[in-house]
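Comments concern the structure below.
Every read-out reported here was derived from the displayed coordinates using simple, explicitly stated rules and does not represent laboratory data. Please read these numbers as outputs of a predicted model, since none were measured by experiment. FYI the Cβ positions are ideal-geometry reconstructions off the backbone, even for glycines, and counts take in every protein chain you see.
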Amino acid sequence: MTNEKRYECTVNVTAVFIPEQSNVEQNQYAFAYHVEIENTGNIAVQLISRHWIISQADGITNEVKGLGVIGEQPFLKPDEYFEYTSGTVINTPVGQMQGTYQMVAEDGVKFEAIIHPFILAMPRVLH
């Protein structure tokens with residue numbers, strides 16, 4: 001048995017189209033995304049900042065960087081999780097988001113939690 005430290009977080013995201021906040025005639029497609037960040041390592045960590053890459057079907061890509069998420073920098077002990085909901089507006093009915101959270105463990109080690117790509121899609125656009 002080893003006492004090796006594991007620095008890892010698992011990120012799960014689900015996204016939904018929000019028709020009441022969209023304006024299809026003006027190419028404004030609103031999406032909400034719900035994020036769950038779980039500390040799957042064995043040492044407490046804190047989320048410091050975020051880096052999102054938002055890609056649209058027309059080839060335009062935007063990057064969003066900033067401290068924390070929804071104004072918070074959650075501290076997670078092993079097996080704890082933090083969840084939040086946020087949103088974005090893109091100019092195409094289909095897009096994709098991905099990115100990273102910059103984390104720091106309580107012993108000062110910095111690492112990134114990967115946000116795997118997920119699809120933003122207006123219903124009935126993709127088969």
Item to complete: Considering every residue within segment 17-28, establish whether at least one is more than 20 Å from residue 123 (Cβ to Cβ) and surrounded by fewer than 17 Cβ atoms within 10 Å (Cβ to Cβ).
Response: no
Worksheet, complete the sentence: Checked pairs for segment 103-123, first exposed (fewer than 11 other Cβ atoms within 10 Å of the Cβ), second of a type in the set (D, E, K, R) and in a loop (DSSP other than H, G, I, E, B), C-beta under 8 Å and 6 or more apart or across chains, list as 107/5
Item to complete: Give me a count of the residues in segment 1-56 that are of a type in the set (Phe, Trp, Tyr), more than 12 Å from the chain's Cα centre (by Cα) and assigned to a strand (DSSP E or B).
Response: 3
Item to complete: Being hydroxyl-bearing (Ser, Thr, Tyr) and in a strand (DSSP E or B) is the filter here, so list the residues in segment 80-125 that pass it.
Response: 81, 84, 85, 86, 88, 100, 101
Discussion item. Residue under question is residue 90, and the condition is that it be more than 23 Å from residue 10 (Cβ to Cβ), of a type in the set (A, V, I, L, M) and surrounded by 12 or more Cβ atoms within 10 Å (Cβ to Cβ); does it hold?
Written reply: yes
Worksheet item: What is the number of the single condition among (1) more than 12 Å from the chain's Cα centre (by Cα); (2) on the phi < 0 side of the Ramachandran plot that residue 59 does not meet?
Response: (2)
